[in-house]
Amino acid sequence: MQNKLQEYIPNKALLKVLKLLEHDNLVVKIKNERKTRHGDYKRLPNGKHQITINSNLNEYRFLITLLHEIAHFEAYSNYGRFIKPHGVEWKRTFQHLMLPFLNPDIFPNELLPLLAKHFKNPKASSDTDTSLAYALKQFDEPNNKTFIFEVPLGQSFKLYNGKVYKRGEKRTKRFECVEVKTGRLYLFNPNAEVELLKEY
């Protein structure tokens, strides 16, 4: 696993991460991209525990996602299976795990203040933190995706599933978007990634 992981995370983070993974019953698998999640954790029927992470994440997002999932494993191990998935036990565990990694040897200086702010109260997904998600996106391989908050009002866009929407007004935090085919109204997170359409 060591050789595999060093391709995906910052070099200076490798030894710290390997220390966290020193469990006989914990397996990490690297998967092809899944559109609905960056990674996940589950307890397997045989009593072992499995973490999966998407292979297409940039090294900083990969590291954050891996620590997010390790926090699920540790929270389960320490507090049992009746805790909330992203409740206070998980949050504390995630904060504790993340702290040694929050330094300029591992993360670029422009990400550190955003990470420090995010980890005061980590959310179920770093994607719900718009400024952090946007900053992390700058380290992705170039692609033709745009965030919803960058889409002009009235502009059409396409989701990964092929459905086409038109961007409407912003509510408090999310954006109203109308599915062109059905006329149904949906609310989108500001940093949902979509593909802009020239004409529709």
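The values are calculated or read from the model by the stated rules, or taken from the named source; none is laboratory data. Just so it is clear, the structure is predicted and the values come from calculations on it, not from any experiment. Cβ coordinates were reconstructed from backbone atoms using ideal geometry, including for glycine residues, and neighbour counts include every protein chain displayed.
Given the conditions (1) exposed (fewer than 13 other Cβ atoms within 10 Å of the Cβ); (2) under 18 Å from Ser126 (Cβ atoms), and given that Ala71 satisfies all but one, which numbered condition is not satisfied?
So the condition that Ala71 fails would be (1).
Six or more apart or on different chains, Cβ under 6 Å: which pairs go from a residue in the stretch 114-125 that's under 17 Å from Glu69 (Cα atoms) to one that's crowded, with 18+ Cβ neighbours inside 10 Å and modelled with pLDDT under 95? Could you list them?
His118/Asp129; His118/Leu132
If you take the residues of the stretch 1-20 that are in contact with a strand residue (DSSP E or B) (Cβ under 8 Å, 6 or more places away or on another chain) and at pLDDT below 95, which of them is surrounded by the most Cβ atoms within 10 Å (Cβ to Cβ)?
So in the stretch 1-20, the residues in contact with a strand residue (DSSP E or B) (Cβ under 8 Å, 6 or more places away or on another chain) come out as 1, 4-5, 8.
Those left that are additionally at pLDDT below 95: 1, 4-5.
Details: Met1: 12, Lys4: 11, Leu5: 19.
Selected residue: Leu5.
Just wondering, is there one or more residues in the stretch 42-62 that are more than 15 Å from the chain's Cα centre (by Cα), part of a helix (DSSP H, G or I) and either in contact (Cβ under 8 Å) with a residue 60 or more places away in the chain or crowded, with 19+ Cβ neighbours inside 10 Å (or both)?
Among the residues of the stretch 42-62, not one is more than 15 Å from the chain's Cα centre (by Cα), part of a helix (DSSP H, G or I) and either in contact (Cβ under 8 Å) with a residue 60 or more places away in the chain or crowded, with 19+ Cβ neighbours inside 10 Å (or both), which makes the answer no.
Out of all the residues in the stretch 115-148, which are part of a helix (DSSP H, G or I), out of contact with any strand residue (DSSP E or B) (no Cβ under 7 Å at 6 or more places or on another chain) and closer than 24 Å to Lys35 by Cα?
Leu115, His118, Ser126, Asp127, Thr128, Thr130, Ser131, Leu132, Ala133, Ala135, Leu136, Lys137
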